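See structure below.
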Amino acid sequence: MKTLRAEHLGMCFGVRDAIELALEVAARQPLTILGELVHNETVLSQLRASDIRLRSEPGEVGTQTVMITAHGASEKRVSAVRGRGLSVLEATCPLVHAAHRAVVKLAREGFHPVIIGKRDHVEMRGLTEDLAEFDVVLTEDDVLQLQERQRFGVAAQTTQRIEHVRHLVSLIRKRFPASEVRFVDTVCQPTKLRQHAAVDLAARCDVVVVIGGAHSNNTRELVASCGRHCARVHHVQKAKELRPEWFSASDVVGITAGTSTPDSLIAEVETWLQRMDELQSTPTKTEPASMPQPHARVPVAH
């Protein structure tokens, strides 16, 4: 069994910076994070172990300092926190801030905002809560429900698949040929790099393992992208979720991971796969289903 890593995978700079800031501040004073800092349970467990509190609403906060997550928040939500006399600590990814500025600029210049993304995602709430009027689309059917406007301003959730975003923008232009459609590409560069690397990887593999949180949008997009080029794609959060029956000795196995996935989880998956390869290569095979979960990183074969 041969194992390949995607050229770009795992935690992005925005997530790393947010985690480091949270741990640094929590070492000095009590800290509450408003929502999930990132959509990865391993990271959230690490934060809880450092006595960092996670709360959904401003009214539930019991510390003086409140951190805004990497996904960002609306000015309305931030004002609600400050209105309680609390100190706000920003951990919003700079690329999410850029998306906020792009949407505000579109609305200010008279374009009707259309945001491509998941309506109930925390980042989408942050992008839209300050707007007087807007539409959210994610599918072709959503585009068909749009009402005609003289001017459309289109942006996207930063973790959407860029090819899908461009496809929907094209549909909007075709559906409303008399309207002015301005598209601002707000899909972040780390997401694009991981998407393109995942597609390249999937095209060369028999099976792909995508590592990331169950609720991570960018991880789910990686799964979808890989699935278009590889018939066997498995989304796991940890190495212990891997199954021996997914792999055979002749497989080329690809590994990629979402932007909130810690390096340690990627290393554990690599170690599990190497151990699986060793067991498959042993003349008298030991049943691998009960093999111990690895903790130390072992280089994979390329």
**OP:** Can you give me the number of residues within the stretch 12-32 that are at pLDDT 95 or above, buried (at least 20 other Cβ atoms within 10 Å of the Cβ) and not in a helix (DSSP H, G or I)?
**Re:** 2
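Please go through the stretch 203-220 and pick out each residue that is open to solvent by 30 Å² or more (accessible area, probe 1.4 Å) and either of a type outside the set (A, V, I, L, M) or touching a strand residue (DSSP E or B) at 6+ places or on another chain (Cβ under 7 Å) (or both). Let's see the steps before the verdict.
Within the stretch 203-220, the first condition is being open to solvent by 30 Å² or more (accessible area, probe 1.4 Å), and the residues that meet it are 203-204, 206, 214-215, 220.
Within the stretch 203-220, R204, D206, H215, R220 qualify.
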Original post:
Does A178 fit the bill of being closer than 29 Å to T256 by Cβ and either part of a strand (DSSP E or B) or of a type in the set (G, A, S) (or both)?
Top reply: no
Original post:
So how many residues does the stretch 201-245 have that are in contact with a Phe, Trp or Tyr (Cβ under 9 Å, 6 or more places away or on another chain) and among the hydrophobic types (A, V, I, L, M, F, W, C)?
Top reply: 4
Subject >> Subset of the stretch 153-185 that is within 18 Å of E109 (Cα to Cα) and open to solvent by 40 Å² or more (accessible area, probe 1.4 Å) - its residue that is nearest to the chain's Cα centre (by Cα) >> reply: D185
Original post:
Taking helices (runs of 4 or more DSSP H) that do not extend beyond the stretch 40-125, which have at least 1 residues that are more than 24 Å from the chain's Cα centre (by Cα) and of a type outside the set (K, R)?
Top reply: 75-82, 94-108
Subject >> Enumeration of residues in the stretch 266-280 that are closer than 19 Å to E7 by Cα and in contact with a Leu (Cβ under 9 Å, 6 or more places away or on another chain) >> reply: I266, V269, L273
**OP:** Tell me, yes or no, whether the stretch 54-65 has at least one residue that is under 25 Å from Q195 (Cβ atoms) and without any contact (Cβ under 8 Å) to a residue 24 or more places away in the chain.
**Re:** no
Subject >> Cross-chain or 6+ apart pairs with Cβ under 9 Å, the stretch 68-97 first and without any contact (Cβ under 8 Å) to a residue 40 or more places away in the chain, then open to solvent by 70 Å² or more (accessible area, probe 1.4 Å) and assigned to a loop (DSSP other than H, G, I, E, B) >> reply: A80/E57; G85/Q64; L86/Q64; S87/Q64
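The values are calculated or read from the model by the stated rules, or taken from the named source; none is laboratory data. None of these values were measured; they are calculated from a predicted model. Neighbour counts run over all protein chains shown; Cβ positions are idealised from the backbone, glycine included. For accessibility, only protein heavy atoms count, side chains too; no ligands or nucleic acids. Shrake-Rupley method; radii C 1.70, N 1.55, O 1.52, S 1.80 Å.
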